[in-house]
Structure formats: C-alpha cells, structure tokens
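Since the structure comes first, as structure tokens, the remarks are kept for the end.
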Amino acid sequence: MNKKGKLRAGVVWAIGAVIVMVILAGGLVFLSVGNAPADETKGGGEPVDSGVNVNQIITTSSTLSFSGIDALSNGTSVDVTAYVSKDDQAYKTGVTTANQGDMLAVLFVNDSTYHNAFASSETVSGVDFPVQKNLYKNASVTSKVYSTTGLALLTNGGGANNESALSGGAYTHKITMTGTDKASTQDMVCVLEASDKTKAKEMKLTGFGAVKEGDVPQAYTPSATTSEMWVYTVKPIADASLQEGSIYLSSEDGQSMTGKTAKITCYTKEYFIDPLTGDVMYDIENEQGTLQSMATYTYSWVYT
C-alpha cells in the first residue's frame, strides 16, 4: 500500500511539473507577442515597417504657409489672403499652425485682379506644410452680336444697326466673345432676356459649352416687368482667341418683336464664403442673392 502511495505521489509531482512548464511556455509566448517590434513580416517576405508605435503620441505641429501663383503665367506670384477651415470648422484668417493629420480647406482670396481659388482637402503632414494654388487673372471680354445674315454688327443698346422684325419671325444671331491673353472669365452664368413675353416665345444659346439651367439669378434685374428670361451656364473664355456661338429667338405666332429688345448678360462665377451658411460656394451670387461676380458682360439689340 505504501509503495502504491509513493507511486501516486511521484506521478502527481511529474504532472505538476509538466503543467508549470506549459504555463511558463505560454507566458513566454504571451511576452513575445506583447512586445512584437514595429517591423512586421507579411507572408514570410521582407519586414514591413508599420511606421506607427502604438505607444507613441504625435504632438508635433506643422507650420503652415499659403501662396498663390498665376495659372497661365509661369513663375508669376499672386498676393492672397488665406481663409482656412480645420476639420470642417469655421473659416478664418491668420492660421499658421496645425496638427499633423488635420484636414484643411483653404479659400485663396485676391478679389481684385485675380479670381479667388479653393483647395477643398489638404491633409497636413511634415514639419513645414506649404499650400500653393493656381489663380486665374480676370479677363476682359469683348462681345458682338450680328444680324441674321451674319454680316451686320448689331448696335449694342440699339441705334444705327438693328434687326428687322417680322410677324411670327424667328431669328438666329451669331455671337462672338473674345477674351484676354493669359486670363480667364472662369465659368459663367448667362441670362437671355426678351423684353416682352407676349411677343417672344423662346430664346436659346448654343456654343461656348452652353448648358440650360433653371432659375433666374436673384441678382439679375430685368429690363422690363414684361420680360421673359432663360438661363445658361457656359465654359470659361480663357484666352484671346475668338469664340463663336449663336442666339436663337422665336416669336409667338402672329406676333412681332417690333420695338422690342433682346439681351444677353453673362456673370463670372466666383469662390466665396457665404455669409449665411459659412460654406464656400462657387456661383455668381450668395444665398441672399447678392452678386459676387468680378465681371459682367452685357450686349443688347433692338428689333425694328
């Protein structure tokens, strides 16, 4: 009986030793995993540096700088004021630092010779973080509208050369726009107007990448209370070459445009901070209907 008791005790001691060794081995494995280096190996290949120490907190700030450059004249700098939003916060000036990883939106404001520009998403990185943006110099555009023959230049505002009106007449006028070298209008919104909606049935603009839009801008003032308007967006007039399109006007059946006026007015689109929403918009007017365009180009003609 005593020999059997001793055998059992020996077996118990041996099993206990094995359990201790397993626990110690498990502890070593746990320690090894818990202290894995930053360099990890994927699929048995070369070590891949994760670049992040889970115990490290990045506190380094980045120094910000903002500059503008002429989009069409290489090497020409543009004076700007930077309005900066960090991580969707309100836009403000005088921002010179940010934390690495911050998301910036920046409105570059010149508001005199150059159209404003907008950088919508810039992720801050590095000790120095410069942000540069191209700005377009505001163009000067010369517009001309011709008679239906395409030969006679109609007098702007009426006068010596007008268009002959017919009952139920339809008219297609050539229109040209010539811009300025190394300058741009940016996108524009053009309003077509006929001074009497009981006489004019429809006006259309083609060419210039014109796309018909809906509502008449709040900032637009009609020439008469009887007027009808049609709205188009057009692409930028970005150089000094002549660009050509056409304006089509049709009369109501049995009606004549005699003594009536037609007009095209084009507004440049701009980037700006809307005072109502605090957001950056790209349009000709803010949410309150206040005009924001740097330039407006108008041409009108008379039917006689």
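The values are calculated or read from the model by the stated rules, or taken from the named source; none is laboratory data. All values reported here derive from a predicted model rather than from experimental measurement. No Cβ is skipped: glycine too gets one built from the backbone with ideal geometry, and neighbour counts run over all protein chains shown.
For first residues located in the stretch 276-294 and not assigned by TED's automatic domain parsing to the domain that holds LYS86 and of a type in the set (D, E, K, R), partners that are assigned to a loop (DSSP other than H, G, I, E, B) and surrounded by fewer than 13 Cβ atoms within 10 Å (Cβ to Cβ) and lie 6+ apart or on another chain with Cβ distances below 7 Å form the pairs GLU287/LEU276; GLU287/THR277. Each residue in the stretch 183-216 was checked for being β-branched (Val, Ile, Thr), touching a residue at least 40 places away in the same chain (Cβ under 8 Å) and in a strand (DSSP E or B), and 3 pass.
Filtering the stretch 250-269 to residues that are small (Gly, Ala, Ser) and assigned to a strand (DSSP E or B) leaves SER250, SER251, ALA262. Selection over the stretch 96-113 of residues that are under 13 Å from TYR136 (Cα atoms) and either crowded, with 20+ Cβ neighbours inside 10 Å or among the hydroxyl-bearing types (Ser, Thr, Tyr) (or both) gives a count of 4. The residues of the stretch 113-149 that are in contact with a Phe, Trp or Tyr (Cβ under 6 Å, 6 or more places away or on another chain), outside any loop (DSSP other than H, G, I, E, B) and farther than 17 Å from ALA71 by Cβ, listed by number, are SER143, VAL145.
Looking at THR123, THR93, just one residue is farther than 14 Å from THR63 by Cα, surrounded by fewer than 17 Cβ atoms within 10 Å (Cβ to Cβ) and not aliphatic (A, V, I, L, M), and that residue is THR93.
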